[in-house]
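The values are calculated or read from the model by the stated rules, or taken from the named source; none is laboratory data. All values derive from a computational prediction rather than experimental measurement. Virtual Cβ from ideal backbone geometry, glycine too; neighbours counted across all protein chains shown. Each accessible area value is taken on the protein alone, full model and side chains, heavy atoms only, with ligands, DNA and RNA left out. Shrake-Rupley method; radii C 1.70, N 1.55, O 1.52, S 1.80 Å.
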Amino acid sequence: MIARIWSGESPLWLLLLPLSWLYGLVSGVIRLSYRLGIQKAWRAPVPVAVVGNLTAGGNGKTPVAIWLVEQLQQHGIKAGVVSRGYGGKAAHYPLLLTSDTTTDEAGDEPVLIYQRTGAPVAVSPNRSEAVQALLAAHDLQIIITDDGLQHYRLARDVEIVVVDGIRRFGNGWWLPAGPMRERASRLKRVDAVIVNGGVPRAGEIPMQLRPGMAVNLKTGEKRSVSLLTDVVAMAGIGHPPRFFATLESCGVQPVKIVALGDHQALSAADVQALATNKQTLVMTEKDAVKCRAFAGENWWYLPVDAVFDDEQATRLIQKLVSLAQR
């Protein structure tokens, strides 16, 4: 229902317009207060690059953050990552992630980034506190923030917005009548616009999410996902249909698909009930970090990587490297 409202297919979005106007007014006042200096943003002693979006729901932001960190690491740059840590409730903030940190504490995306990149990661509702904690514990040259485009309390040197190239901005209205956190005109003031799928527009950087080999949660065995049979597909991400479409593009026709809420907490009993012992459960990597502790023998996840084939992406990395080396 939400998807139909936000796309404009359902006229119910008209009923929500007054709330959207209020949302837009409040967010605009907050943004203006920082621009006029009424509220002060904290500036880190190292460059900060924000990877965010204008809409609610999954756009492929976390794979982009992982790609940026990995690219910087390949250039010898020491990068750290900060996040709000949605879905996690730590005993204290800021929280520096370790190999023992759970998704219950830090949220699924920070744990995923930490496991994939090995980069220092900190979470806190106040991103500036997370940055300070990282810099106190590590010698870093640049900070990547996973989300936080609207977190103006933290000053930034580079703003990168990720757009879903298929859904783009729906009906274009602020929440809750539409999917927008900020209006599309905000793109004129950012440093880079990365478009996940679809057809990019002038000046946008095209990106695709490329699936890798399926990985068994329990054994670490890797296998082509097309070889898995009797598949039950599970996705607890911002836009589950994207994952199911990816499986189909790999030749997998699930016998059942299960769409869960983004950042939804998962218990052993809940997940075990989704598939029989004879069926193969295939999930996203974001779900896998929440299920590894109680994984079944035939549970697999399908990792995806952000893939770029455009000179603009190379120039973006070069810009970040230059900033980090100052």
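Taking packing as the residue-averaged number of other Cβ atoms within 10 angstrom, the listed peptides 317-326, 140-149 run from highest to lowest as 140-149, 317-326. Residues 40, 218 ordered from highest to lowest accessible area at a 1.4 Å probe: 40, 218. Label 7 Å along Cα→Cβ of residue 297; the range 233-272 residues with amide nitrogen under 17 Å? In the range 233-272, the label zone of residue 297 (backbone N under 17 Å from the point 7 Å along Cα→Cβ) covers 272. Each 10 Å bin from 0 upward holds the following percent of the Cα-Cα pairs of the chain: 6, 25, 33, 26, 9, 1, 0. Each residue, residue 29 and residue 202, gets one label point 7 Å from its Cα in the Cβ direction; the gap between the two is 3.8 nm. Taking all Cα pairs closer than 8 Å and separated by 6 or more residues, the relative contact order of the chain comes to 21 percent.
Are there GluC sites (Glu not before Pro) in the range 212-302 that DSSP puts in a loop and that have at most 11 other Cβ atoms within 10 Å, and which ones? Before the final figure, lay out the partial values.
Values: sites: 221, 248, 285, 297; in loops: 221, 297.
Those that pass, being in a loop and sparsely packed, are 221, 297.
When the C-alpha to C-alpha distance is required to be over 25 Å, the pairs from 61/256; 40/78; 40/188; 61/218; 286/319; 290/319 that qualify are 61/256; 40/78; 61/218; 286/319; 290/319.
At 1.4 Å probe size, put 33, 99 in order of accessible surface, largest to smallest. The partial results should precede the final answer.
Numbers: 33 15, 99 100 Å².
Largest to smallest exposure gives the sequence 99, 33.
Note: relative contact order over the range 1-157, using C-alpha pairs below 8 Å and six or more positions apart, is 32 percent. Each of residue 315 and residue 227 was given a label point 7 Å from its Cα along the Cα-to-Cβ line. The distance between the two points is 4.3 nm. Taking label points 7 Å from Cα along the Cα-to-Cβ direction, residue 307 and residue 14 give a separation of 4.4 nm. Hey, for a label at residue 153 modelled as a point 7 Å past Cα toward Cβ, could you say which residues of the range 68-108 have their backbone N under 17 Å away? Zone members listed by number: 82-96.
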